[in-house]
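Each remark here refers to the structure printed beneath this line.
Throughout, read-outs are computed from the coordinates displayed, never taken from laboratory work. For clarity, every value in this text was computed on a predicted model and none was experimentally measured. FYI the Cβ positions are ideal-geometry reconstructions off the backbone, even for glycines, and counts take in every protein chain you see.
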Amino acid sequence: MKSVMVYCEVENQKVADISLELLSAGKRLAQKLGCPLDAMIFGSGLNGIESQIAPFGVDRLFIGNSMRLEPYRTLPHAALATKILKEEDPQIVLFGATSVGRDLAPRLASKLNCGLTADCTILDIGDHFEKKEKIEYKDLLYAIRPAFGGSIMANIINWDMHPQMATVREGVMKKEIFDENYSTEVVEIDVNSILKEEDFVVKIIERHIKKSGVNLKDAPIIVSGGYGVGSKENFEYLIELAKLLGGEVGGSRAAVDAGFIDHDRQIGQTGTTVRPKLYIAAGISGAIQHTAGMQDASMIISINNDPDAPINKLADYVIHGDVGVVVPKMIKYYKENAK
Amino acid sequence: MRPLKIVVLAKQVPDTRHVGPDAMKPDGTVNRGKLATVFNPDDLHALELALNIKDRVPGTTITVLTMGPQKAADIIREGYYRGADYGVMISDRRFGGADTLATSYTLVKGINKLAPYDLILGGRQAIDGDTAQVGPQCADKLNIPQVTYVEEIIEINENEIIARRRLDKGIEIVSSPYPCLITVHGSSQACRSRKAKKVMQYKYARTKTELRTADDLILSLHEKRAYLTIPEWSVEDIGADLEKIGLSGSPTKVKSVESIVFTANESKILSDSDADIEMMIKELIEHHTIG
């Protein structure tokens with residue numbers, strides 16, 4: 001049956017935010033296709049978990065419920081997902097571009113011999129006319145992602161080897177309740193009949209998960225630096241400004257690579273996607289990989305000594321100058337003028 | 001313990017940090033000829049992890065396996081300079097245009113020719129695609145477990161390898177039996193530098209194709225020292241199915257590419273003068289954006 005399927009991540013009986021975002025994205029695709037939205041979830045103590053998932057408009061939820069399925073390990077999850085995907089034969093399958101999704105999805109794509117597109121920023125449905133075969137393919141998944149240093153957006157399609165699979169980063173898709181009273185059919189998977197002992201050869205000895213100290217996604221103001229900040233010392237000004245404004249500090253991939261800032265503060269396609277009220281881009285040129293993660297900010301200030309920096313086109317204020325000169329002045333005049 | 005046999009998967013990638021306007025062909029694939037190339041950074045970390053294991057388990061051998069055009073022989077030479085024992089290149093025009101699925105199929109055909117092995121190591125992801133897919137796809141095709149995002153080997157013994165993984169929001173320490181495939185995270189130890197002695201020893205290492213245009217000195221060296229000739233495997237050498245390689249083996253196709261043109265906002269252009277910056281801060285406070 002034609003359907004859209006979402007792989008949901010769960011830990012301690014809480015469905016991950018990224019999975020709820022994917023359900024919303026999946027629902028939009030399913031509505032365009034006029035097909036059901038299905039989901040699968042594997043973990044421990046999942047009785048009643050459908051209450052978190054149903055409001056997103058899920059028609060059927062496949063549950064694998066066993067102590068042995070949490071925390072996530074590749075092989076048991078891959079075995080269950082393979083079985084479900086082979087039987088249900090969905091048209092589209094979505095995964096979070098997380099530690100889990102990026103570990104699982106490629107293994108499944110290999111197993112099912114199908115296409116997988118990583119880190120999509122737009123998902124849509126459309127047609128494709130294949131010139132060589134003179135065949136019109138209807139209702140394909142358009143998996144759109146920035147590519148190649150961020151200079152282009154590529155629309156990736158797959159017309160012959162199904163299902164069409166894609167991963168999406170957290171925060172890229174909007175989470176939307178579809179219907180509070182939506183009714184989801186629960187399908188319990190007979191876990192023990194599918195899994196074999198050899199699926200458990202990799203053993204987790206220790207596990208430490210932070211509750212995450214950094215919350216860029218919910219910060220109203222983000223002061224973000226790029227390679228153009230120039231030094232770790234200049235980055236201190238950004239930290240001071242962010243503190244003063246009650247915001248968080250972020251950075252581009254180049255700033256992370258240069259060691260100016262930690263990886264968990266990276267904004268962009270391969271980092272976090274943010275939608276703050278104010279985004280201050282200091283010394284960031286604005287490769288699409290970065291702008292894909294911040295272009296929905298309500299207001300953008302760009303500080304750059306390159307008047308042609310691509311990010312200036314997105315900005316509400318463009319300040320021509322060095323970060324090391326401009327940011328201390330912003331700090332000074334904020335202190336003088338704020339009530 | 002017994003020595004291990006390690007295969008390191010390494011890729012030559014275009015330096016995406018310096019992309020020019022002619023970097024893409026009209027069909028949407030990368031115009032590799034127009035770009036400087038580098039050893040994929042995460043793969044260098046994988047090489048270091050392999051060298052680290054070799055330090056701990058004497059007698060361990062490391063084979064660097066790469067797939068790419070002739071130019072990718074640089075990857076094999078670089079591997080030798082840093083301490084790899086062997087290098088093999090998979091190179092054939094017919095492999096071109098491969099997506100991650102076709103790439104993993106091809107690499108696995110090569111890995112199977114190198115069997116038996118204990119560990120397959122590779123970088124977490126390559127900077128030209130950032131997909132992180134080839135490692136897990138190879139593990140599936142080899143039907144062995146995968147341990148992704150590894151940043152350190154905690155313990156290595158006769159029966160298993162214990163490694164620390166770097167996850168989005170923390171770490172995990174896991175054990176896996178052999179053989180297994182490990183992808184290495186960029187937060188692991190950086191690769192040791194070249195050894196002068198190794199550079200001297202291997203600087204004339206060439207593939208057969210490269211030898212066709214080599215001078216007499218290099219040719220005579222290759223006659224005396226067989227180890228200088230880098231094995232070069234074609235479609236036939238690895239017994240690959242033409243339907244499963246290159247463009248025809250790739251389910252994902254680029255439908256279209258769009259250059260990025262930002263829709264211009266009406267931006268206010270300011271200088272770094274005190275007057276301009278104070279004006280802006282006052283406006284922001286007035287509109288309750290800040291303050």
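Which lysines does B:K5 reach when only Cα atoms under 16 Å apart count, and residues fewer than 8 places away in its own chain are ignored?
Once the sequence-local lysines are set aside, what remains near B:K5 is B:K54, B:K113.
Calculate for chain A the 222 nm mean residue ellipticity that helices alone would give, adding -39,500 (n - 2.57) per DSSP H run of length 4 or more and normalising by residue count, nearest 500 deg cm²/dmol.
When only DSSP H runs of four or more count, the value is -8000 deg cm²/dmol.
Sort B:L242, B:L9 so the one with the fewest other Cβ atoms within 10 Å of its own Cβ comes first.
Fewest-to-most ranking of B:L242, B:L9: B:L242, B:L9.
Relative to the compact-globule scaling 2.2 N^0.38 Å, provide the ratio for the alpha-carbon radius of gyration of region A:11-164.
Computed over Cα atoms of region A:11-164, the ratio equals 1.08.
Only bridges whose two residues both fall in the protein assembly as shown count here: according to DSSP, what percent of them are antiparallel, nearest 5?
35
If R0 is 60 Å, what FRET efficiency do you get for B:L219 and A:K138 from their C-beta distance, rounded to 0.05?
0.55
What is the distance, in nm, between label points placed 7 Å from the Cα along the Cα-to-Cβ direction at B:L247 and at B:S187?
About 4.1 nm separates the two model spin labels.
Calculate the radius of gyration of the Cα atoms of region A:221-337 to one decimal place, then report Dmax, the largest Cα-Cα distance, as a whole number, both in Å.
Looking at region A:221-337, its Cα Rg and Dmax stand at 12.4, 38 Å.
Would you tell me the mean number of C-beta atoms belonging to other protein chains that fall within 10 Å of each C-beta in B:158-166, as a whole number?
Mean shielding by partner chains, rounded to a whole number: 2.
Taking 25 Å as R0, compute the FRET efficiency from the Cβ-Cβ separation of B:K282 and A:D264 and round it to 0.05.
Computed FRET efficiency for B:K282 and A:D264: 0.15.
I'd like the mean, over residues of B:123-133, of how many other protein chain beta carbons sit within 10 Å of each residue's own Cβ.
Details: counts 0, 1, 3, 0, 3, 3, 5, 11, 10, 9, 10.
Going residue by residue through B:123-133 and averaging, the value is 5.
Would you be so kind as to identify which of B:I76, A:S3, A:P328 lies farthest towards the positive end of the dipole of the protein assembly as shown, taking Lys and Arg as +1 and Asp and Glu as -1 on Cβ and the Cα centre as origin?
With unit charges placed on the Cβ atoms, the residue in question is B:I76.
Testing the spin-label approximation: label points 7 Å from Cα along Cα→Cβ at B:V199 and B:E266. State their distance in nm.
In this crude spin-label approximation the distance works out to 5.9 nm.
Which percentage, to the nearest 5, of the DSSP beta bridges contained in chain A is antiparallel?
25
At most 16 other Cβ atoms within 10 Å and a DSSP loop assignment: could you name the trypsin sites (Lys or Arg not before Pro) in region A:72-134 that fit?
A:K131, A:K132, A:K134
Compute the longest continuous run of chain B that contains no exposed GluC sites (Glu not before Pro); treat a site as exposed when its DSSP state is not H, G, I, E or B and it has at most 16 other Cβ atoms within 10 Å.
Longest run free of exposed loop sites: B:1-157.
Going by C-beta contacts inside 10 Å, put B:L101, A:L22, A:L29, B:L211 in order with the fewest on the left.
B:L211, A:L29, B:L101, A:L22
Considering only DSSP beta bridges with both partners in chain B, what is the antiparallel share in %, to the nearest 5? Could the numbers behind the result be given before it?
Details: 17 of 44 bridges.
Antiparallel: roughly 40 percent of the beta bridges in chain B.
Between region A:169-198 and region A:30-109, what's the alpha-carbon centroid distance in Å?
Region A:169-198 and region A:30-109 have Cα centres spaced 5 Å from each other.
Just check region B:152-206 against the gyration tensor rule for me: Cα atoms, a ≥ b ≥ c as the square roots of the eigenvalues, rounded for a/c under 1.5, and otherwise prolate or oblate depending on whether a/b exceeds b/c.
Taking the square roots of the gyration eigenvalues as a ≥ b ≥ c, region B:152-206 is prolate.
Can you give me the Kirkwood hydrodynamic radius for region B:5-244, using every pair of distinct Cα atoms, in Å to one decimal?
So the Kirkwood estimate lands at 18.4 Å.
Which value, in debye to the nearest 20, describes the size of the charge dipole of region A:4-200 about its Cα centre when Lys and Arg Cβ atoms bear +1, Asp and Glu Cβ atoms bear -1, and nothing else is charged? Walk me through the numbers on the way to the answer.
Numbers: 21 positive and 30 negative charges, 119 e Å.
Roughly 580 debye, rounded to the nearest 20.
How high is the relative contact order of chain A, in percent, counting Cα pairs under 8 Å that sit 6 or more residues apart?
Relative contact order of chain A: 15 percent.
For chain B, set up a Gaussian network in which alpha carbons nearer than 10 Å are linked by springs, and say which option among B:I153, B:I111, B:I277 fluctuates the most.
B:I277
For chain B, what does the helix formula give at 222 nm: sum of -39500 (n - 2.57) over DSSP H segments with n ≥ 4, over the residue count, nearest 500 deg cm²/dmol?
-8500 deg cm²/dmol
Can you tell me which of B:132-138, A:326-332 comes out highest on packing, and rank the rest after it, using the mean Cβ neighbours within 10 Å?
The packing order, highest mean first, is B:132-138, A:326-332.
Using alpha-carbon pairs under 8 Å, 6+ residues apart, how would you state the relative contact order of chain B in percent?
It comes to 22 percent, rounded to a whole number.
For B:S248, B:S176, which order do you get if you count the other beta carbons within 10 Å of each Cβ and list the fewest first?
Least crowded to most crowded, the residues run B:S248, B:S176.
Please list, or write none, the lysines whose alpha carbon is within less than 17 Å of the alpha carbon of A:K277, excluding same-chain residues fewer than 8 places away.
Filter leaves A:K174, A:K217, A:K243, B:K282.
What's the longest uninterrupted piece of chain B once you rule out the trypsin sites (Lys or Arg not before Pro) that are loop residues per DSSP with at most 16 other Cβ within 10 Å?
With trypsin sites (Lys or Arg not before Pro) excluded where exposed in loops, chain B gives B:18-168 as its longest stretch.
Specify the residue with the greatest mean-square fluctuation among B:L167, B:L217, B:L121, computed from a Gaussian network of chain B linking alpha-carbon atoms under 10 Å apart.
Judging by the Gaussian network model, the answer is B:L217.
With no solvent and one point per C-alpha, what does the Debye sum give as log10 I(q)/I(0) for region A:292-339 at q = 0.14, 0.22, 0.25 Å⁻¹?
-0.41, -0.85, -0.96
Using a cut-off of 19 Å between alpha-carbon atoms, which lysines can reach B:K34, once sequence neighbours fewer than 8 places away in the same chain are excluded?
Those lysines meeting the cut-off are B:K11, B:K25, B:K71.
Kirkwood hydrodynamic radius of the protein assembly as shown from all distinct Cα pairs, in Å?
26.0
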